[in-house]
Amino acid sequence: MTQTVVPARPPVTLPVQGQGDFPVGRIFCVGRNYADHAAEMGHAVDREAPFYFTKSAYAVLQSGQDMPYPPRTSDLHHEMELVVAIGHTAQGISEEQAMDVVFGYGCGLDMTRRDLQAAAKEKRRPWDTGKDFDNAAILGPLTPVAQAGDVAAMEIKLTVNGATRQHGQIADMVWSIPEIIADLSTLYTLHPGDLIMTGTPAGVGPVVAGDVLHGTIGDLAPVATRIV
Ligand code: MN
């Protein structure tokens with residue numbers, strides 16, 4: 001057996017309620033998937049096709065840990081999102097087949113350096129530095145499908161220091177969970193361990209050091225952090 005030439009980073013995992021760990025592969029994120037959030041960002045909803053960006057698994061911060069205020073920004077925003085965890089390989093599957101590859105669900109925060117994202121948009125450059133950075137994907141424990149209930153009927157909510165900032169319905173997503181999975185599976189081969197962050201409802205905004213964030217979706221395990 002050969003040795004690695006630099007130290008190998010340990011795999012990134014998320015706890016699954018009562019069942020051990022889920023190994024995180026890629027993190028796909030859906031843009032503008034709630035009409036009210038698209039409007040607050042100055043866009044109409046595009047029903048032509050969903051669009052995506054990605055975060056590295058190494059951007060994951062476990063719920064319950066503090067998030068250090070990141071460098072190179074003065075406009076760190078919260079985006080509260082439903083996370084869909086993929087449990088089976090999928091390539092070119094239909095909407096009817098899509099739910100069969102879902103392992104479970106979780107609560108996530110798509111933390112965003114909004115100033116860097118806005119500068120990238122203006123110059124028609126990629127969003128990576130605004131979206132994919134250390135601790136930018138704050139993720140709660142996963143709940144397996146069988147224990148999760150009807151996620152599509154759940155409320156999604158985020159409080160900051162106890163005050164409600166975001167409050168919406170999963171049913172208001174522009175692209176449904178099976179539509180997103182089927183579409184993504186035509187762009188990529190999905191693998192067990194992949195995660196999909198499904199977009200955020202209206203109410204995104206800045207956070208500062210000292211803020212406490214608490215996000216819930218129905219009775220899924222919540223996501224929480226404190227900015228330090
Ligand atoms: Mn987002």
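Here are the numbers:
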{"quantity": "Residues of segment 9-21 classified as touching an Asp or Glu at 6+ places or on another chain (Cβ under 9 Å) and in a loop (DSSP other than H, G, I, E, B), total", "calculated": "1"}
{"quantity": "Scope segment 206-228; condition small (Gly, Ala, Ser) and surrounded by 16 or more Cβ atoms within 10 Å (Cβ to Cβ); matching residues", "calculated": "Gly215, Gly218, Ala221, Ala224"}
{"quantity": "Segment 175-203, residues that are within 16 Å of the ligand (Cβ to nearest atom) and among the hydrophobic types (A, V, I, L, M, F, W, C)", "calculated": "Trp175, Ile177, Ile180, Leu184, Leu195, Ile196, Met197, Ala202"}
{"quantity": "Given (1) in contact with a Ser or Thr (Cβ under 7 Å, 6 or more places away or on another chain); (2) away from the ligand (no atom under 14 Å from the Cβ); (3) small (Gly, Ala, Ser), number of the condition Gly162 does not satisfy", "calculated": "(1)"}
{"quantity": "Hits in segment 203-228 (condition: in contact with an Asp or Glu (Cβ under 9 Å, 6 or more places away or on another chain), of a type in the set (A, V, I, L, M, F, W, C) and either at pLDDT below 95 or closer than 14 Å to Thr112 by Cβ (or both))", "calculated": "Val204, Ile227"}
{"quantity": "Tyr105, sole failed condition from (1) under 12 Å from the mean Cα position of the chain (by Cα); (2) in a loop (DSSP other than H, G, I, E, B); (3) of a type in the set (Phe, Trp, Tyr)", "calculated": "(2)"}
{"quantity": "Condition broken by Val45, with the remaining ones in (1) closer than 21 Å to Cys107 by Cβ; (2) out of contact with any strand residue (DSSP E or B) (no Cβ under 7 Å at 6 or more places or on another chain) satisfied", "calculated": "(1)"}
{"quantity": "Qualifying positions in segment 170-200 - open to solvent by 60 Å² or more (accessible area, probe 1.4 Å) and of a type in the set (D, E, K, R)", "calculated": "Asp172"}
{"quantity": "Residue count, segment 1-53 (criterion: more than 16 Å from the ligand (Cβ to nearest atom), among the hydroxyl-bearing types (Ser, Thr, Tyr) and open to solvent by less than 90 Å² (accessible area, probe 1.4 Å))", "calculated": "1"}
{"quantity": "Residue in segment 161-169 that is open to solvent by less than 60 Å² (accessible area, probe 1.4 Å), hydrophobic (A, V, I, L, M, F, W, C) and touching a residue at least 40 places away in the same chain (Cβ under 8 Å) present", "calculated": "no"}
{"quantity": "Selection count where residues are open to solvent by 50 Å² or more (accessible area, probe 1.4 Å) and either part of a helix (DSSP H, G or I) or under 23 Å from Glu179 (Cα atoms) (or both), scope segment 120-156", "calculated": "12"}
{"quantity": "Test for Gly203: is it open to solvent by less than 30 Å² (accessible area, probe 1.4 Å), more than 13 Å from Val102 (Cβ to Cβ) and not basic (Lys, Arg)", "calculated": "yes"}
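Let's see how each residue does on (1) within 16 Å of the ligand (Cβ to nearest atom); (2) surrounded by fewer than 19 Cβ atoms within 10 Å (Cβ to Cβ); (3) free of Cβ contacts under 8 Å to residues at least 24 places away in the same chain; (4) of a type outside the set (Lys, Arg):
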{"site": "Gly64", "(1), (2), (3), (4)": "no, yes, no, yes"}
{"site": "Pro71", "(1), (2), (3), (4)": "no, yes, yes, yes"}
{"site": "Glu81", "(1), (2), (3), (4)": "yes, no, no, yes"}
{"site": "Ile86", "(1), (2), (3), (4)": "no, no, no, yes"}
{"site": "Ile93", "(1), (2), (3), (4)": "no, no, no, yes"}
{"site": "Glu96", "(1), (2), (3), (4)": "no, yes, no, yes"}
{"site": "Arg113", "(1), (2), (3), (4)": "yes, no, no, no"}
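The values are calculated or read from the model by the stated rules, or taken from the named source; none is laboratory data. Quick caveat: nothing in here was measured; it's all calculated off a predicted structure. Neighbour counts run over all protein chains shown; Cβ positions are idealised from the backbone, glycine included. We work out accessible area using only protein heavy atoms, side chains counted, and drop any ligands, DNA or RNA first. Shrake-Rupley method; radii C 1.70, N 1.55, O 1.52, S 1.80 Å.
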